[in-house]
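> Here it is: the structure, laid out below.
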Amino acid sequence: MFRPLVLLLGLGLSAQAFALSLADLTQQEAGGGLKDVLTQSASLAVQQLSKPGGFAKDPALRIELPGKLGKAARTLKAMGMGSQVEQLENGMNQAAEAAMPQARALLVDAVKKMSVQDARSILAGSQDAATRYLDSSSREQLRTRFLPIVRQATAQVGLASQYNAFAGQAARLGVVETKNASLESYVTEQALDGLFTLIARQEANIRQDPLKAATGLAQKVLQAGQTR
């Protein structure tokens, strides 16, 4: 009758024996596991945002008219221009979606270049530490790749030239920030912000539940990070 107790004690000792901390991980394990997590998070984000409505159907990611011009959209709708505003915003979101398939290869390349020191710092950091690393290391390359695609996509939107002319006038009057005067540049930055927002969401989700990680190594590394 003592066997269940002995078994439970044995399981408890086994759990303690296999509990790892970041200090117990080899450099190769720490780096490899985190790269698996980042690759998974980035891939899931790109996959979701590449689908029709990937931006528009998510209130946190939907691209709308910028700054004070965005606040004025309600007035434009009240003046009977609602369909035009809706058409423009839908086109902006579709342009962002069109650029997304280009992101995965660049993000994976940035992950591969991560150093061991970067990996350990990220594992010991906040829930979005890996995403912030990706943002700082790949945004410029993504911007360069996205902009021509967004430009081509927005060229197919009937209100693109009208938007640029109106936003340029608004910028000179101080109604909208100058950096947002170009529709293509604005949509590109919003697409990048949305991408990294969703990657951060995926990263936090996997960190909170390491069993959601796609590889055994990633699970091991994240579980070790939780015991730090």
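The values are calculated or read from the model by the stated rules, or taken from the named source; none is laboratory data. Owing to the predicted nature of the structure, the values given are computational and were not obtained by experimental measurement. Note that each Cβ is placed from the backbone with ideal geometry, even for glycine, and that neighbours are counted across all protein chains shown. Side chains included, ligands, DNA and RNA excluded: accessible areas come from the protein's heavy atoms. Shrake-Rupley method; radii C 1.70, N 1.55, O 1.52, S 1.80 Å.
> What is the sum of charges around Gln94, taking Lys and Arg as +1, Asp and Glu as -1, for the other residues whose C-beta is under 15 Å from the C-beta of Gln94?
-2
> Heavy-atom accessible area of Ser43 with all protein chains present, probe 1.4 Å, nearest 10 Å²?
Accessible surface of Ser43 is approximately 30 Å².
> Excluding Val108 itself, calculate the net charge of residues whose Cβ lies under 14 Å from the Cβ of Val108, where each Lys or Arg counts +1 and each Asp or Glu counts -1.
Local net charge: +3.
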